[in-house]
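Q: Take a look at the following structure, please.
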Amino acid sequence: MRRDPVLTAFAVLAGALVVAALVPVDALTTDLADRFAGPSPAHPLGTDNLGRDVLARLLAGTRFSMWFTLVAVLLCAAAGTLLGILAGYAGGIAGQLLQRVLDVLVAVPTVIVGLVVAAVREPGTGTLLIAVLLTGWTPFARLAYQLTVRERAREYVEGAVALGAGPGRIAVRHILPNALRPLTAHACLRFANVLLSLAGLSFLGLGAQPPTPEWGAMLAEGRQYLFAAPQLVLVPAMAVVAVSLAVTLLGRRLESRWSGR
């Protein structure tokens, strides 16, 4: 059986992320006498401006970034899918209202929303999550709405209505299962987008606050030492790019497979 290189690469990356999440590390201990140390057996990726182990901070940042992104994507998917299915099945004014709201929110960048939220409340993980949720549910709602409108016109839905099934049962037992595959593929694509948004907001100081290790925050801390210690920027940047690319390729491949292309 021929192996899919994209799925194989993603499996390797997923395994590496699981290992990174399970390995105990000390990412907060400082040693000013060992600042900007190069790679060594004790510090495979060197140390930062406070003598903290870069590899340990990368692994700890993996836990924070991956779990935070996963939670944010799941919450966005749940909210957007629910609203999209409800509006798609109801149709009429509900559908038109959802479309207008989506048109407005899609045009607003997550960074702008993050700045507004940070002006109301203090920067931190709560601000980060709120900023992502306010805009992140819209792509799922649009896709769920389109899928629901398409499925609602199929014969099996008409048969369920004829048998006396209510709107809730039809949405949960019939429409949602048929929409899960495209929604799952879309979630993979959105995962990369949310990860980049979280890293960007943390880079601007709106997300995780020092000394919490997070990829975007690590980029912000290391940029002033780019020439003295380029690994402080390159390591978290490569992590963001590698994970985003792998998950995006997985989403594209699932989308192609499930659509028959």
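The values are calculated or read from the model by the stated rules, or taken from the named source; none is laboratory data. As the structure is a computational prediction, the values presented were derived from the model and not from experiment. Don't worry about glycine lacking a Cβ; one is built from the backbone with ideal geometry, like all the others, and counts go over all protein chains shown.
Q: Tell me whether segment 136-148 contains one or more residues that are at negative phi and surrounded by fewer than 13 Cβ atoms within 10 Å (Cβ to Cβ).
A: Looking through segment 136-148, none of the residues is at negative phi and surrounded by fewer than 13 Cβ atoms within 10 Å (Cβ to Cβ).
Q: Here's something else I'd like to know. Would you be able to say whether some residue in segment 59-69 is surrounded by 12 or more Cβ atoms within 10 Å (Cβ to Cβ), at pLDDT 80 or above and touching a Gly at 6+ places or on another chain (Cβ under 6 Å)?
A: no
Q: Could you list, in sequence order, the residues of segment 32-42 that are touching a Leu at 6+ places or on another chain (Cβ under 8 Å) and within 17 Å of P211 (Cβ to Cβ)?
A: L32, R35
Q: For segment 223-261, which positions are of a type in the set (A, V, I, L, M), in a helix (DSSP H, G or I) and within 15 Å of R52 (Cα to Cα)?
A: L232, V233, V235
Q: Report every pair of residues separated by at least 6 positions or lying on different chains whose Cβ atoms are under 7 Å apart, first residue within segment 211-222 and assigned to a helix (DSSP H, G or I), second acidic (D, E) and surrounded by fewer than 22 Cβ atoms within 10 Å (Cβ to Cβ).
A: Sorted first by the residue in segment 211-222, then by its partner, the list stays empty.
Q: In addition: Tally up the residues in segment 18-54 that are at pLDDT 70 or above, in contact with a helix residue (DSSP H, G or I) (Cβ under 8 Å, 6 or more places away or on another chain) and in a helix (DSSP H, G or I), please.
A: Adding up the residues that qualify gives 1.
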